[in-house]
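Everything below concerns the one structure shown next.
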There are 2 protein chains.
Amino acid sequence: MTLADLTQHAGEWLRGAGPMHDVVISSRVRLARNLAGTPFLSRCPREQQAELEQKMRQEILSAELAKGIFYVDVAAAGDLDRELLVERHLVSRQHAEASHPRGVAVSGDETISIMVNEEDHLRMQVLRSGLQLPEAVADANRIDDAMERCFDFAFHSRYGYLTACPTNVGTGLRLSVMLHLPGLKLAGEMDKAFRAAGDMRLAIRGLYGEGTEASGDFFQISNQTTLGRSENQYAEEFSERLIPAFIEYERRARKHLMDEQNALLEDKVSRAVATLRSAKMISSEETMSLLSVMRLGTNLGLTDDMDLSAINELFLLTQPAHLQKIHRRDMTPQERAQCRADMIRRRLDAG
Amino acid sequence: MTLADLTQHAGEWLRGAGPMHDVVISSRVRLARNLAGTPFLSRCPREQQAELEQKMRQEILSAELAKGIFYVDVAAAGDLDRELLVERHLVSRQHAEASHPRGVAVSGDETISIMVNEEDHLRMQVLRSGLQLPEAVADANRIDDAMERCFDFAFHSRYGYLTACPTNVGTGLRLSVMLHLPGLKLAGEMDKAFRAAGDMRLAIRGLYGEGTEASGDFFQISNQTTLGRSENQYAEEFSERLIPAFIEYERRARKHLMDEQNALLEDKVSRAVATLRSAKMISSEETMSLLSVMRLGTNLGLTDDMDLSAINELFLLTQPAHLQKIHRRDMTPQERAQCRADMIRRRLDAG
C-alpha cells in the first residue's frame, strides 16, 4: 500500500457513521513519546536525527501494529505527497514542512498514524469516526504497549512521560474531537462556545490544528492539560461530560433555527446545493462553506442530494493536493477551481 | 386606465428592443417649464399651489396629448402608489415624497409623463426603449408645442426658458440614457467611464437619479448644461457622439471578458441563474445584481433561460411596491423576499 492508493476515497474515520455523527466528525487521540537517554529532537545533530529515524522506522514496521501499515519518508516525499498527508490529517503541518529526517507510518484504513521525529521522537495518533474517545484511547494504549516493547521511553517517576514541550509532560496525551458546528455559527453563538471551552480548560481550533482558521464551520476541541491524571480519567470526562455539552449546544441551535428561521435555512440550503451544482469554478474555501451548509441541510432533512459520507468525502477530495494527485499533475489555482467544480458536479449528479 | 393596470408588465420603454439594446436600456428627455407671471413653486403659498395644480391638470387632460392619458393626484395617492410611480420612473423620488398639491399625467404606454408642481410647474418627460434620443426629443417638442397652446411659459429673450433651478435655465432640457454596464463593472473600468463622463461634461448617476447608488450595474448618463445651444444640437451630439463612446467601451469590455476570462464569465452566469432558480428568499438588491449578470449572459449567448424583455420586466416587477401591488397587500421585507423568489422561479420555469 502506498500514498497514491489513498486519493480516491476518504479514510475510515471520515465515513460519517460513528456515534453522534450529526455533530461529531471524528475523535482523535495522540500520545507523545521520547526515547530515554537520547536528546530531544531539537537538540540532536542532523546525523543523529537520521539514525533515530532509521531505527524507529525499522522497529515500527517490524512490530506488526496494524493491518497494511506503510511508511512514508516525509523528508524524501514530494510537495504534493506531503500536502496530501496534511489534508488527510495523517501528519501535522509542521511535520510536513520541516526539513530534517522524518517520516510517518500509516495503517491501511488510516485510523493509525505514527509520526517519527515530529516535535517528539514519536507521536502516535488514533482517529475514529464520530464520538469514540474511550475506544480510541484503548487503541492508542495498545500501540503504546507495542512500542514500549521496542523502545525504552523517557519517563520520570514523578512527572510521567517527558516531552519536548512542557505542556505535554505527564501522560503525553492529547484528546481532540472535530465538531461540525454550523448551527452555532449561523445563530451567532460561537462566542458562547468559545467561552464555555475556556471555562472547561479546553482549546478550540480550526480544521488543521493550532493557528488555523475554522473553515466550513469545523472546529477541533482538545484538552489543554496532560499532567496529574490518568489517560482514562481524561477520556471519560472529555467524552462523557465536556463534548456532550457542545453537542447539546449545537443541536439546540439547529432546532431553534428549524423552528424559528425555517425559511432562512431552506433558502440557505437550496442556494448552497444550486451553487455547488452550477459553479464552473470554485475555490477550496467556498467549497468548504457550501458543503458545510449542505451537510447541515442533510442532517436536518432539508436536502437528500447526497448522503453524509459522500459529503464528508468531498470535503477531503476537493482539497488542492488531492485534486492534483487525482489528476496526476500540478495545476494552477484556476485549473484546480475548474477541476473542483467538475468533480463536485459529477458527484452530485451521481447522487 | 389607472395605476393598478400597470403592475403586471413593464412599460413600452422597457421592452428591451430599441436600438443598441444590448447596452442602452432607454432614452429619456425632460423639459422643465414654468408659467409666466406666476412665482416658482417654492415661492407659492399652498393655496396657490393647489390652484395651479387644478388648472394644469385640466389643461393637460383636455389637450389630448397622447392615447389613454390618465392623471394621478400624487398628494392624494397612497404610499404604495407613489412608490410604484418611482419604481416605474414616472415621477422623481422628490415628487413622490413631497407634501404639497401635485400630480402626474401618464400616457397609456408610459412613454410620456408630465409632472405637475415638481421643482418646476411642469416637467414633461418622454421615455423610449434603447437609444432613440432624436425621436424622444421630437416627441417632447410636440408635447411642448401642445402645452404652449394652453399656457404662457416664462421665457427670457436672452436666457431662454426660466426654471426654478439655474442649472436648467435655457432649453430646460435634460437628456439622459440608462445604460447597462456590467462589462465595465466586472472589468473594474467604471472609474475610466466616470472620468470620461466628466471630460464630456456629463453626469453619471444610479438607477433612480441624483444621489442614488448604481444597482444592477445600471447607470444614468445625462447632460449637465442646458444653456447656449438648441435642443436638436444637444440631442445630436449626445446621441451620435457621446453615448456611442460609452457603448463602445462597454462592448469592448464584454468582448475582452469573453476572450480572456470566458471561464470566469460562464461561472458567474451559471451561478446567477442557479441562484435565481433556487432562492427561497431574495432581496431586491441581490435580485438586481443577479438579473444584471443574467442579462449580460443573455446578450453574450451564455444563457437562454429567459429573453431580454422578460429579464427587463423582472427588474421592475420584483421591486417592493410592485410586489405589494401585485399581491394587493402590504408585506414585511421577509414576505417580500419570499414572494420575490417565488415570482422569479415561476417566470424562469415559464421560460
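Listing for the model above:
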{"read-out": "Single residue of B:31, B:41, B:52 found to be within 30 Å of residue B:248 (Cα to Cα) and either open to solvent by 20 Å² or more (accessible area, probe 1.4 Å) or of a type in the set (A, V, I, L, M, F, W, C) (or both)", "value": "B:31"}
{"read-out": "Number of the condition not met by residue B:349 [criteria: (1) touching a Ser or Thr at 6+ places or on another chain (Cβ under 8 Å); (2) of a type in the set (D, E, K, R); (3) in a helix (DSSP H, G or I); (4) within 30 Å of residue A:338 (Cβ to Cβ)]", "value": "(1)"}
{"read-out": "Residue match in segment B:235-249 (condition: open to solvent by 50 Å² or more (accessible area, probe 1.4 Å), assigned to a helix (DSSP H, G or I) and not assigned by TED's automatic domain parsing to the domain that holds residue B:135)", "value": "no"}
{"read-out": "Leading residue by the ranking (farthest from residue B:319 (Cα to Cα)) among those in segment B:274-286 that are more than 7 Å from chain A (Cβ to nearest Cβ) and of a type in the set (A, V, I, L, M, F, W, C)", "value": "B:276"}
{"read-out": "Verdict on residue B:275 being open to solvent by less than 20 Å² (accessible area, probe 1.4 Å), in contact with a Lys or Arg (Cβ under 7 Å, 6 or more places away or on another chain) and over 24 Å from residue B:15 (Cβ atoms)", "value": "yes"}
{"read-out": "Some residue of segment B:175-190 being over 28 Å from residue B:261 (Cα atoms), among the hydrophobic types (A, V, I, L, M, F, W, C) and in contact with a Gly (Cβ under 7 Å, 6 or more places away or on another chain)", "value": "no"}
{"read-out": "Residue in segment A:242-259 that is under 17 Å from residue A:174 (Cα atoms) and at pLDDT 85 or above present", "value": "yes"}
{"read-out": "Qualifying residue in segment A:12-23 (condition: modelled with pLDDT under 95, farther than 30 Å from residue A:253 by Cα and in a loop (DSSP other than H, G, I, E, B))", "value": "no"}
{"read-out": "Among the residues listed as B:347, B:336, B:295, the single one being in contact with a Pro (Cβ under 9 Å, 6 or more places away or on another chain) and within 30 Å of residue B:251 (Cβ to Cβ)", "value": "B:295"}
{"read-out": "Any hit, segment B:308-325, residues being within 14 Å of chain A (Cβ to nearest Cβ), under 24 Å from the mean Cα position of the chain (by Cα) and either open to solvent by 20 Å² or more (accessible area, probe 1.4 Å) or at pLDDT 95 or above (or both)", "value": "no"}
{"read-out": "Unmet requirement for residue B:111, which otherwise passes all of (1) within 27 Å of residue B:8 (Cβ to Cβ); (2) among the polar types (S, T, N, Q); (3) open to solvent by 50 Å² or more (accessible area, probe 1.4 Å)", "value": "(3)"}
{"read-out": "Conditions (1) open to solvent by less than 20 Å² (accessible area, probe 1.4 Å); (2) among the hydroxyl-bearing types (Ser, Thr, Tyr); (3) more than 14 Å from every other protein chain (Cβ to nearest Cβ); number of the one not met by residue A:298", "value": "(1)"}
{"read-out": "Checking residue B:208 against (1) aromatic (Phe, Trp, Tyr); (2) open to solvent by less than 40 Å² (accessible area, probe 1.4 Å); (3) at pLDDT below 90, the condition it does not meet", "value": "(2)"}
{"read-out": "Every residue from segment A:258-273 that is within 14 Å of another protein chain (Cβ to nearest Cβ) and not small (Gly, Ala, Ser)", "value": "A:260, A:261, A:262, A:264, A:265, A:266, A:267, A:268, A:269, A:271, A:273"}
{"read-out": "Residue within segment B:52-65 that is under 25 Å from residue B:167 (Cα atoms), at pLDDT 95 or above and charged (D, E, K, R) present", "value": "yes"}
{"read-out": "Residue among B:342, B:305 that alone is in contact with a Lys or Arg (Cβ under 9 Å, 6 or more places away or on another chain), modelled with pLDDT under 95 and within 12 Å of another protein chain (Cβ to nearest Cβ)", "value": "B:305"}
{"read-out": "Residue check, residue B:4 surrounded by 15 or more Cβ atoms within 10 Å (Cβ to Cβ), touching a Lys or Arg at 6+ places or on another chain (Cβ under 9 Å) and in contact (Cβ under 8 Å) with a residue 24 or more places away in the chain", "value": "no"}
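Per-residue answers, yes or no, for (1) outside the structural domain of residue A:22 (by TED's automatic domain parsing); (2) assigned to a helix (DSSP H, G or I); (3) within 27 Å of residue B:290 (Cβ to Cβ):
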| residue | (1), (2), (3) |
| --- | --- |
| A:287 | yes, yes, yes |
| A:302 | yes, no, yes |
| A:311 | yes, yes, yes |
| A:316 | yes, yes, no |
| A:322 | yes, yes, no |
| A:336 | yes, yes, yes |
| A:341 | yes, yes, yes |
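The values are calculated or read from the model by the stated rules, or taken from the named source; none is laboratory data. No experiment lies behind these values; they were computed from the predicted model shown. So basically every Cβ, Gly included, is an ideal-geometry build from the backbone, and we count neighbours across all protein chains shown. Quick note on the areas: whole protein, heavy atoms, side chains included, nothing else; ligands and nucleic acids left out. Shrake-Rupley method; radii C 1.70, N 1.55, O 1.52, S 1.80 Å.
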